[in-house]
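The values are calculated or read from the model by the stated rules, or taken from the named source; none is laboratory data. Computed from a predicted structure; not experimentally measured. Reconstructed Cβ throughout: ideal geometry from the backbone, glycine too, with neighbour counts over all protein chains shown. The accessibility values were calculated without ligands, DNA or RNA, using every heavy atom of the protein model including side chains. Shrake-Rupley method; radii C 1.70, N 1.55, O 1.52, S 1.80 Å.
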Amino acid sequence: MTTPPAPARNIDRWTPLLDPPAFPPDRYALIADRIKALLMTENDVLLIQAEAVVALEAVATSIARPGLKALNIVTSPYGGWFGKWLARGGADVVTLAAEPARAVTIDAVRQALDAAPDSAVLALVHAESASGICNPLDEIAELARSRGIVTVVDAVASIGGHPLDIDALGIDIAVIGPQKALAGPAGVSALSISPAAWKLVSEENSPRDSILSLLDQRAWIESGRAALPGTTAPLEFFALEAALDRIEAEGVAATVARHAKASHATRAGLQALGAMPWASDRTTSRLVTTVEAPATSTPSEIIAAASDLGCELTSGVGPGAERLVRFNHTGNRARFETVLSAVTAYGIALQRLGLKADIGSAAAAIAAAYAD
Ligand SMILES: *Cc1c(COP(=O)(O)O)cnc(C)c1O
């Protein structure tokens, strides 16, 4: 993607970025309803006019109170922040850290809950773009539900790339952002919230008159979703609408299948190339594939060796992911040409560094995955 040129200082120049029409107020609640359908939930859906990290901080801040016991699963910096926000609000947080850059296991979650049986909240990230893993959400949600524990799921990097049936799984709070698999804007996010989770939002401790206040947002729902919470950011909301139009036209199941195919093809291509994907097929993210750099090179050397090829290879982020190279097949990148070019570029980089890479076999494996 090329960066647009710096704007000329010409105030007569027409730009679509300035003076947009107001976002029609009657379409605000409609967007929440479309997200409800996407998440397959009857729970309330709130729109947050900020990037998804702010929605996550709002959830933690609004449910935290002294004495609240929470089990927080940490598989990336996002999960670590969530635990800190809960603790800042006085909650009693037990941290369950998975092995660095690995998915948590259901056995570890069961043990942690057995050791902290009065946990009222269980929080986790569904899929991680930082390391390319996916936690076993279905099993964890079932376990939490069987014990009456409210679940909070960061689904920002899974919505649209992994099946996510909020009500079937009984997830109490799910936070999503449109900018990953949904290929939408990054400046707005959303969350679904169940009646059980609303009960945790305590009137005494929850902030009011704050971007972090879910109670302020409840006022919007209680007003029959009439009075909008603040000025709607038109550019973000028109972009969100366009992203939803495109996802609904494709069908979210097809969007998920497109990411699964990109993931399978990337993994098959890497294996044929002679590189082993970092995560198992069961615990991999479908948005991002990671691979450990060969012992003789660093991820930045490999990325630099491929930098003239115009493919998006990046290093892993967070503890344990330092030696990982990431293949990004998220959103509009979840397609044949991106997968083929990125895996090929990785092979070229390895060869340039004097390492072996069977690019022919990799291309054949990707072709076979897409020919299915
Ligand atoms: C991208 C992402 C977020 C949100 O990040 P923003 O930069 O705030 O949009 C949150 N959680 C996870 C797991 C993510 O991958």
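Figure legend. Inter-residue proximity from the stretch 15-37: first residues basic (Lys, Arg), second residues modelled with pLDDT of 95 or more and open to solvent by 80 Å² or more (accessible area, probe 1.4 Å), beta-carbon distance below 8 Å, spacing 6+ or different chains. Indicated pairs: 34/248; 36/42. Take the conditions (1) of a type outside the set (A, V, I, L, M, F, W, C); (2) within 13 Å of the ligand (Cβ to nearest atom); (3) assigned to a helix (DSSP H, G or I); residue 138 misses just one of them, which is (2). Only one of these is more than 12 Å from the ligand (Cβ to nearest atom) and within 26 Å of residue 210 (Cα to Cα): 90, 79. Name it. On inspection, the qualifying residue turns out to be 90.
Is it the case that some residue within the stretch 172-180 is farther than 20 Å from residue 263 by Cβ, away from the ligand (no atom under 12 Å from the Cβ) and not β-branched (Val, Ile, Thr)? Checking the stretch 172-180: at least one residue is farther than 20 Å from residue 263 by Cβ, away from the ligand (no atom under 12 Å from the Cβ) and not β-branched (Val, Ile, Thr). Filtering the stretch 101-135 to residues that are of a type outside the set (A, V, I, L, M, F, W, C) and more than 16 Å from the ligand (Cβ to nearest atom) leaves 105, 107, 110, 111, 114, 117, 118, 119. Looking at the stretch 55-75 only, could you name the residues that are polar (S, T, N, Q) and either over 15 Å from residue 119 (Cβ atoms) or within 16 Å of the chain's Cα centre (by Cα) (or both)? 61, 62, 75 - these are the residues of the stretch 55-75 that are polar (S, T, N, Q) and either over 15 Å from residue 119 (Cβ atoms) or within 16 Å of the chain's Cα centre (by Cα) (or both). The residues of the stretch 51-69 that are among the small types (Gly, Ala, Ser), buried (at least 17 other Cβ atoms within 10 Å of the Cβ) and either at positive phi or away from the ligand (no atom under 15 Å from the Cβ) (or both), listed by number, are 62, 64. Quick check on the stretch 106-125. Is at least one of its residues under 24 Å from residue 321 (Cα atoms) and either of a type in the set (S, T, N, Q) or part of a loop (DSSP other than H, G, I, E, B) (or both)? No, that holds for no residue.
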